[in-house]
Structure formats: structure tokens, C-alpha cells
Amino acid sequence: DYVFNAAMEAMQQGFGQLFLFGFAIQAKAREILDKMKIPTAYISMTPDVVMSDLLKTTKGSEIFSITGLPDVRLENAGKRDDGTPLYRVVLRGLDIFLPHLMDTDHIDADNLPCWMLDTNHNGMAFYASQVFFPKTSAWDNLQKSLKGQFEDSVWSHLAGTVSEPFALGDKKRIAVKVIDERGNELMATRSEEDAV
């Protein structure tokens, strides 16, 4: 009854899609989802959401995850000796939508835990060819553990926001995936025509 009534109300209000959030769904109600005149999706919630004020109210404990888009720029970076054009990616930050405030926020690239670059994105699978960790002190610990001498430029590059120059693959499209402090993976794509 709940699923049916929600669908009727959504159609009367002129909504284009219905999302049902619940802890469990009966088999009959799930069957009805596919037969609705309005596209309907069921989202399973974890029982801890009914604990209300028993949970900590930190960013990491929020029920609904943020959505956002990495702010990236694809730049021309010269040519190889054989004339193949080279490109580089500059990560400028992450623009996120905060559902509890109904507002957007910008996180600078230096304050992001991780970002990855796919230099030949096919639109289906993400293959990281370069990986960076701007907001971490792990490089200091790793350098000590390796007990070796490395150029400071190596560590600053691994914690950087600018990729190594690369040639585009046959797809002529790149993808940048950013992992924010909550563990959300947010991705943006750029094609060869977007290069500046």
C-alpha cells in the first residue's frame, strides 16, 4: 500500500521519478516497482538511521553522500620528438553539493586525499594511469621506511595537483576521479577538444 500510494501521489504532483527509502521491502512491493507508470527505485537504508541522536553528528556519519564534480583542466603540454601531442591535467579542486545545506562548496585541490587520472577513458571502466595524494603526510613516513635518498621533487610530484605529460589514447578522452575525505569517488571527463 505504501509503495502504491507513494507512486499515485508522485504522479499527481507531476514528478518524473520516485525514490523509496526503506529498511526492508516486501516481495510483493518489489514486484510493483517494475510495473509502475512512473520510474521507481528502491534504496535500502541501514537500520542505524533510526537511532537519531545516538549517532555522532560528524561529516563521516552523514547518511546521504555528497555529489560533486572535480574541477579539472586539460592543457596542451607540447609534443614528443615524433610530433605526438602531449597533454597534462591540472586539478583545481572539487565542487560539491551539500544536501543538508542545499548549497555548493569548493575544496581546494591541495586538500583532497587522492586523485587519479585515466588517460584513455572508454566511458565504461576507469583505469588509473597516474595517481596522486595531495593531502597526506604519508610520503614522509614512506621515505623513512624506504631508508633511501630520493629527490624532493619526486615526493612533491606524488603529492601534486598537476599530472605528468601524457599522450592521449585512441579514445581521445580522459577521466579524473577524485576521492574526497568521506571516501566518495567523484569523476569528471574531458575530451581532446577541451584542451587549452
Original post:
For residue 71, which sequence-distant residues (separation of 5 or more, or a different chain) have an amide H within less than 5 Å of its own amide H, given hydrogens modelled in the peptide plane?
Top reply: 92, 93, 94, 95
Subject >> Efficiency of FRET between residue 25 and residue 128 - r from beta-carbon atoms, R0 30 angstrom, step 0.05 >> reply: 0.25
Original post:
How many nm is it between the label spots at residue 1 and residue 151, if each spot is 7 Å from the Cα in line with the beta carbon?
Top reply: 7.3
**OP:** Could you pull out every one of the aspartates and glutamates with an alpha carbon less than 14 Å from that of residue 37, ignoring same-chain neighbours closer than 8 positions?
**Re:** 9
Subject >> Net length gained if the chain between residue 192 and residue 162 were fully extended (0.36 nm per residue, minus Cα distance) >> reply: 9.1 nm
Subject >> Sorted peptide list for 74-81, 90-97, criterion being average Cβ within 10 angstrom, highest first >> reply: 90-97, 74-81
**OP:** With a point put 7 Å past each Cα toward its Cβ, work out how far residue 182 is from residue 111 in nm, to one decimal.
**Re:** 1.5
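Here, each number is a calculation from the coordinates, and none is a lab measurement. Note that the structure is a prediction, hence the values are computed from the model and not measured. Neighbour counts are summed over all protein chains in view; Cβ atoms, including those assigned to glycine, are modelled from backbone coordinates with ideal geometry.
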